[in-house]
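Nothing in this text is a laboratory measurement; each read-out follows from the coordinates by a stated rule. Because the structure is a prediction, the values reported are computed rather than measured. Reconstructed Cβ throughout: ideal geometry from the backbone, glycine too, with neighbour counts over all protein chains shown.
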Amino acid sequence: GRPPYDDGNIFARILRGEIPARKVHEDDHALAFHDIAPQAPVHVLVIPKGPYVSAADFLTKADAETVAGFWRAVAEVARKLGLEDAGYRLLTNMGHDAGQEVPHFHVHVFGGGPLGPMLA
Ligand code: 5GP
């Protein structure tokens with residue numbers, strides 16, 4: 001089964017303002033900030049504001065407006081970062097085999113130059 005949401009995870013602490021982050025976008029549905037260890041010229045993380053452990057958790061539990069609002073925010077982040085013309089990559093890790101480190105759903109946004117075959 002899925003683990004319960006842990007309120008003490010690092011992204012929950014960023015959402016509460018307990019830990020600083022270099023924010024690129026915030027709205028009712030999402031917060032986006034630069035990854036602390038970038039793996040591409042642009043490497044941003046987009047997270048929903050609610051307590052979701054993973055993409056599967058989010059997509060099965062959040063209501064339709066919340067899901068739509070989150071993905072619109074992802075698109076807005078790419079627009080704000082100027083990635084639309086050259087393109088970019090979205091990625092989310094789920095669980096152990098994918099190497100998910102932080103148990104709060106997040107989408108990686110990679111761009112700013114040609115990307116290799118895999119990142120994150
Ligand atoms: P995951 O492996 O869970 O998909 O990705 C977690 C990401 O969060 C990693 O790319 C890691 O560099 C990033 N990260 C971990 N801790 C922090 C932090 O405190 N601040 C920021 N901005 N990024 C973090």
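Report every pair of residues separated by at least 6 positions or lying on different chains whose Cβ atoms are under 8 Å apart, first residue within region 58-74 and over 19 Å from Leu90 (Cα atoms), second surrounded by 12 or more Cβ atoms within 10 Å (Cβ to Cβ).
From residues that are over 19 Å from Leu90 (Cα atoms), the pairs are Lys61/Tyr52; Ala62/Pro48; Ala62/Gly50; Ala62/Tyr52; Ala62/Phe70.
Between a residue in region 90-109 that is under 15 Å from Leu59 (Cβ atoms) and any residue that is among the small types (Gly, Ala, Ser) and within 8 Å of the ligand (Cβ to nearest atom), which pairs come within a Cβ distance under 9 Å, given they are 6 or more apart or on different chains?
Final answer for the pair search is Thr92/Ala98; Thr92/Ala120; Asn93/Gly99; Asn93/Ala120.
Mind checking which helices (runs of 4 or more DSSP H) fall wholly inside region 11-103 and carry at least 3 residues that are away from the ligand (no atom under 12 Å from the Cβ) and surrounded by fewer than 16 Cβ atoms within 10 Å (Cβ to Cβ)?
In region 11-103, the matching helices (runs of 4 or more DSSP H) lie at 55-61, 64-80.
Residues of region 1-36 being closer than 16 Å to Thr92 by Cα and out of contact with any Lys or Arg (no Cβ under 8 Å at 6 or more places or on another chain), which ones? Write out each step before concluding.
Within region 1-36, the subset closer than 16 Å to Thr92 by Cα is 11, 30-35.
Across region 1-36, the qualifying residues are Phe11, Asp35.
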